[in-house]
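First the structure, in the form of structure tokens, and then the observations on it.
The values are calculated or read from the model by the stated rules, or taken from the named source; none is laboratory data. None of the values given here were measured: they were computed from a predicted structure. We place every Cβ from the backbone using ideal geometry, glycine too, and count neighbours over all the protein chains shown.
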Amino acid sequence: MITVVIPTIGRASLKAAIPEGVPVIVVEDTERRGPAAARNAGWRAAQTPWVVFLDDDVVPGEGWVEALVKDLEGLPENVAGSQGRIEVPLPRDRRPTDAERNTAGLADAEWITADMAYRRAALEKVGGFDERFPRAYREDADLALRLREAGFRLVRGERVTRHPVRDDGFWSSVRFQRGNADDALMRRIHGPEWRSLIGAGGLLPRHAATTALGLTAIALATARALALARNRAGRRGHALRGLPGALAFALSAAGWAALTVKFAWERIAPGPRTPGEVARMVVTSVAIPPAACLHRLRGELRVRR
């Protein structure tokens, strides 16, 4: 009745993700084609009516297989998928870090393939995952939207899967901005209202404003420095002509600083506020807005090709 499919890139956590008592297909993504392609290979190799996708860094809860069977038994034919309940263990002796809070958000996310069961027939009808999504980001939401557009329903089950927090390094929040490129594809496929359809928010407009102010300040400062280099310093006429430019630079720099400080504090305030965490939030809060905009621009150019 059920086959479990787990795409992997060779994480040590894979062993804990494999449930007992049910057929499991592990697809190793050796060519780095992405989880969408790996999951497609897995469900097409399965012969059962239901295929359950797990990530290679989750831990199915006690009695997971029995709870899964109960979740799927008796579902009407118009129900294409059943989502497991994701639990993210957080420290009890301190506030969670920014990375831990981001992972904890998976508990409320819709239709994520950390634990998602689909009818094989429904996957066949819509063609499975869209392999144009190259990373573990938005490919699951895209599939869910296409299934609902095809007339299917998706439900939540009662089985529980734990998703531990990984330590992805100091710059992980900056690397995660690559997903903005996939947001461009989501907009192209599902229209400008796609975020409301999956209940997702976004900070890109604010990041764009922050980046624009920062680039403006840099451009004005560079132009002023070049002008001073070409003219003799201290000439009264030049100084008067430069006042509007100096004011524009001051306003742009102040706007960039205000937005950057606001963003950093929003990430620092709910956390443990240790020196290391504060330093990480300050540095990455400067880097995230331009990184997000750059990746979104890259995504927009890609979908237009």
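Tabulated data
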quantity: In region 269-285, the residues that are over 19 Å from residue 93 (Cβ atoms) and surrounded by 19 or more Cβ atoms within 10 Å (Cβ to Cβ); calculated: 280, 281, 284, 285
quantity: Positions within region 141-184 being among the charged types (D, E, K, R), assigned to a strand (DSSP E or B) and over 19 Å from the mean Cα position of the chain (by Cα), in sequence order; calculated: 153, 156, 158, 159
quantity: Unmet criterion (only one of (1) touching a residue at least 60 places away in the same chain (Cβ under 8 Å); (2) over 23 Å from residue 109 (Cα atoms)) for residue 30; calculated: (1)
quantity: Criterion violated by residue 74 - all others in (1) farther than 16 Å from residue 158 by Cβ; (2) in a loop (DSSP other than H, G, I, E, B); (3) among the small types (Gly, Ala, Ser) satisfied; calculated: (1)
quantity: Qualifying position, being basic (Lys, Arg) and without any contact (Cβ under 8 Å) to a residue 12 or more places away in the chain, among 119, 92, 101; calculated: 92
quantity: Condition met for residue 147 (free of Cβ contacts under 8 Å to residues at least 60 places away in the same chain and surrounded by 20 or more Cβ atoms within 10 Å (Cβ to Cβ)); calculated: no
quantity: Selection from region 77-119 of residues that are farther than 22 Å from residue 265 by Cβ and of a type in the set (A, V, I, L, M, F, W, C); calculated: 79, 80, 86, 88, 106, 107, 109, 111, 112, 114, 116, 117
quantity: Residue that is nearest to residue 12 (Cα to Cα), among those in region 44-75 that are acidic (Asp, Glu) and surrounded by fewer than 13 Cβ atoms within 10 Å (Cβ to Cβ); calculated: 62
quantity: Criterion (farther than 17 Å from residue 69 by Cβ, touching a strand residue (DSSP E or B) at 6+ places or on another chain (Cβ under 6 Å) and among the basic types (Lys, Arg)) met by exactly one of 32, 39; calculated: 39
quantity: Residue satisfying all of: in region 188-214; surrounded by fewer than 19 Cβ atoms within 10 Å (Cβ to Cβ) and in contact (Cβ under 8 Å) with a residue 60 or more places away in the chain; nearest to residue 249 (Cα to Cα) among these; calculated: 208
quantity: Given (1) out of contact with any Leu (no Cβ under 7 Å at 6 or more places or on another chain); (2) within 27 Å of residue 9 (Cα to Cα), index of the condition residue 188 fails; calculated: (2)
quantity: Sole exception among (1) surrounded by 15 or more Cβ atoms within 10 Å (Cβ to Cβ); (2) more than 16 Å from residue 54 (Cβ to Cβ); (3) among the polar types (S, T, N, Q) for residue 113, by number; calculated: (2)
quantity: Hits in region 53-71 (condition: assigned to a loop (DSSP other than H, G, I, E, B) and over 19 Å from residue 42 (Cα atoms)); calculated: 61, 62, 63
quantity: Selection status of residue 47, modelled with pLDDT under 95 and under 29 Å from residue 149 (Cα atoms); calculated: yes
quantity: Positions within region 3-17 being within 19 Å of residue 112 (Cβ to Cβ) and surrounded by fewer than 16 Cβ atoms within 10 Å (Cβ to Cβ), in sequence order; calculated: 9, 11, 13, 16
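Conditions (1) in the same structural domain as residue 293 (by TED's automatic domain parsing); (2) part of a helix (DSSP H, G or I); (3) small (Gly, Ala, Ser); (4) at pLDDT 90 or above, marked per residue:
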{"site": "209", "(1), (2), (3), (4)": "yes, yes, yes, yes"}
{"site": "215", "(1), (2), (3), (4)": "yes, yes, no, yes"}
{"site": "220", "(1), (2), (3), (4)": "yes, yes, no, yes"}
{"site": "225", "(1), (2), (3), (4)": "yes, yes, yes, no"}
{"site": "233", "(1), (2), (3), (4)": "yes, no, yes, no"}
{"site": "239", "(1), (2), (3), (4)": "yes, yes, yes, no"}
{"site": "246", "(1), (2), (3), (4)": "yes, yes, yes, no"}
{"site": "250", "(1), (2), (3), (4)": "yes, yes, yes, yes"}
{"site": "259", "(1), (2), (3), (4)": "yes, yes, no, yes"}
